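Beneath this line is the structure, given in structure tokens, with notes to follow.
Coordinate-derived values only; no laboratory data. Since we're looking at a predicted model, the values are computed, not measured. Counting neighbours? That spans all protein chains shown, and the Cβs are built from the backbone with ideal geometry, glycine included.
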There are 2 protein chains.
Amino acid sequence: MSDPSTKERLLDSAERLFAERGYAATSLRELTQDAGCNLAAVNYHFGTKEALVLAVLERRVRPVNEERLARLDALEAAGTPQLEDVLRAFVAPLLERHRDGAAVERVARLFLQLSTMRDPELQHYRLFQSTATRFVAAFLRALPEVDPVTVYWRITFMIPVVAMSFSDAERLAFLSGGTASADDTERALAHMVSFLAGGLRAPEPTAGGAA
Amino acid sequence: MSDPSTKERLLDSAERLFAERGYAATSLRELTQDAGCNLAAVNYHFGTKEALVLAVLERRVRPVNEERLARLDALEAAGTPQLEDVLRAFVAPLLERHRDGAAVERVARLFLQLSTMRDPELQHYRLFQSTATRFVAAFLRALPEVDPVTVYWRITFMIPVVAMSFSDAERLAFLSGGTASADDTERALAHMVSFLAGGLRAPEPTAGGAA
DNA sequence: GGGGGCGTGAAACGAGCGTTTCAATCATGC
DNA sequence: GCATGATTGAAACGCTCGTTTCACGCCCCC
């Protein structure tokens with residue numbers, strides 16, 4: 001037995017393989033071979049393949065959401081936070097808790113895969129429920145001049161930016177001609193916060209002005 | 001043989017079932033039964049399951065991208081388009097070519113599923129290559145006051161908004177407390193354009209101002 | 001009106017899957 | 001040092017999957 005326990009090696013291998021090759025395309029035989037353990041270890045430590053992938057996501061998402069809420073607590077204890085402060089509290093924990101862009105990419109790909117499944121066993125969204133509620137309220141307070149319904153729409157647009165932007169490093173490289181990389185966490189954070197702040201604060205669409 | 005051909009019924013059933021239950025979770029036996037045809041019809045008309053899902057996506061995406069490019073052609077023929085015009089040319093074809101929010105949701109879920117696979121057979125992104133190149137250039141021209149590298153970053157943030165915002169009707173309903181629905185195409189378009197325009201035009205992040 | 005090929009039906013193939021079983025092994029506290 | 005529970009190893013189970021095969025019907029055109 002090597003340094004990390006079997007359970008942790010299973011989580012590590014599952015995170016990497018599920019993210020890179022896909023959940024359905026990765027068999028538990030490849031996975032346990034990659035982790036250097038027996039096939040039955042999955043059943044013993046997690047029960048099923050579905051419980052394993054949920055545990056993989058939860059291991060990454062839970063600390064991020066806890067730090068998000070802690071930062072928001074700190075901000076609101078100090079007064080009424082600016083929009084950019086709330087945005088940084090929401091985005092920074094995701095980027096800064098991972099070593100490089102590849103780590104964020106893996107979590108994003110895992111999340112996206114679970115998002116497109118409707119299996120009742122895979123209720124990953126409950127991990128975000130309390131965080132979502134708290135931050136929706138914070139955004140409403142930070143945007144008093146914007147119609148709340150418009151804020152709801154814009155939060156709906158904001159979620160995909162945070163969840164999906166770093167899910168494919170090639171896309172960023174292709175679109176930017178190689179000039180941008182998610183490995184520069186600080187720059188990525190600054191760009192995302194300025195983009196989201198601009199979108200959330202934009203002039204509201206006029207009633208009939210779509211054409 | 002009923003009105004739509006077997007091939008079209010296969011595409012219809014595949015679009016619905018792949019989107020609702022997931023590509024991997026839908027067997028060709030369920031699918032052909034839903035379409036009211038024989039299992040071998042998939043092999044006969046498409047060859048493999050992968051070729052089928054690609055055909056499903058292409059049937060919806062190709063007309064959208066063609067209309068995007070046609071609208072951009074028309075805009076550029078008439079002069080130098082405003083940012084909002086380019087955004088509408090990009091977003092409107094997706095929303096207006098589908099009857100309701102559920103249709104957009106299906107296409108979005110299909111696209112997201114294929115995005116998280118790295119199978120070389122599923123090169124769905126080639127469908128977007130020419131459209132992406134043309135629109136990147138158009139956004140750069142419409143944003144002469146913004147550093148091009150910043151524009152690249154912001155286009156990277158924009159793609160997820162368009163691709164994922166309507167992929168889950170429940171998310172929109174939950175976040176908005178039921179006040180927003182993607183079935184109102186015109187309103188959804190106006191909100192998305194204003195959000196994206198605000199994000200793309202936002203003040204650029206200062207060099208050291210991330211903390 | 002008969003021939004040719006396009007489309008369909010029923011059935012089977014072979015492989016790979018997640019899961020389960022159960023005995024062997026290890027660590028640990030008495 | 002031994003009993004006990006936790007963990008691992010090897011093997012098999014039962015099932016479902018995508019794919020393939022091949023014979024049959026239908027329709028159109030000569």
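State, to one decimal in nm, how far the label point of residue A:126 lies from the label point of residue B:62, with both points 7 Å from Cα in the Cβ direction.
Between residue A:126 and residue B:62, the label points sit 4.4 nm apart.
What range in chain B is the longest one free of GluC sites (Glu not before Pro) that are in a loop by DSSP and have at most 15 other Cβ atoms within 10 angstrom?
B:1-120
Please enumerate, by chain and number, the aspartates and glutamates with C-alpha under 18 Å from the C-alpha of residue B:49, excluding those fewer than 8 residues away in the same chain.
Of all the aspartates and glutamates, those that pass the test against residue B:49 - Cα under 18 Å, at least 8 places apart if same chain - are B:8, B:12, B:15, B:20, B:30, B:34, B:58, B:119, B:121.
Considering the options A:151, A:81, A:110, tell which one lies farthest towards the positive end of the dipole of chain A, charges being +1 on Lys and Arg and -1 on Asp and Glu at the Cβ, about the Cα centre.
A:110
Return the Cα extents of region A:58-201 along principal axes one, two and three, sorted largest first, each rounded to a whole Å.
Answer, in whole Å and largest first: 40, 38, 27 Å.
From the gyration tensor of the Cα coordinates in region A:99-144, what semi-axes in whole Å does the equivalent ellipsoid have, largest first, with each one equal to sqrt(5λ)?
Ellipsoid half-lengths, sorted descending, are 25, 18, 8 Å.
Looking at region A:150-211, what % of the alpha carbon pairs are farther apart than 12 Å?
Tail fraction, whole percent: 74.
Quick one: angle between helix A:129-142 and the longest Cα principal axis of chain A, in degrees between 0 and 90, rounded to 10, please.
For helix A:129-142, the angle is close to 20 degrees.
Just the ratio, please: alpha-carbon radius of gyration of region B:1-47 over 2.2 N^0.38 Å, N its number of residues.
Numbers: Rg = 9.9 Å, N = 47, 2.2 N^0.38 = 9.5 Å.
Region B:1-47 yields a ratio of 1.04.
Tell me the relative contact order for region A:58-201 as a rounded percent, counting alpha carbon contacts under 8 Å between residues six or more apart.
Working: 114 pairs, mean separation 50.6, N = 144.
Reported relative contact order: 35 percent.
Hey, how many Å between the Cα centroid of region A:1-78 and the Cα centroid of region B:42-83?
Here the two parts' Cα centres lie 37 Å apart.
Can you list, shortest first and in nm, the gaps between the label point of residue A:66 and those of its counterparts in the other copies, using a point 7 Å from Cα in the C-beta direction?
From this label point to the equivalent ones elsewhere in the assembly: 5.4 nm.
Nothing charged except the Cβ atoms of Lys and Arg (+1) and of Asp and Glu (-1): what's the magnitude of the dipole of chain B about its Cα centre? Round to the nearest 20 debye.
320 debye
Could you tell me the calculated FRET efficiency between residue B:12 and residue B:179, based on Cβ-Cβ distance and R0 = 45 angstrom, to the nearest 0.05?
0.90
Got a sec? How would B:174, A:166, A:111 order by Cβ neighbour count within 10 Å, fewest to most?
In order of increasing Cβ crowding within 10 Å: B:174, A:111, A:166.
May I ask you to derive the FRET efficiency for residue A:100 and residue A:44 from their Cβ-Cβ distance with R0 = 41 Å, giving the value to the nearest 0.05? Don't jump to the answer; show the numbers that get you there.
Working: r = 32 Å, r/R0 = 0.78.
After rounding to 0.05, the efficiency reads 0.80.
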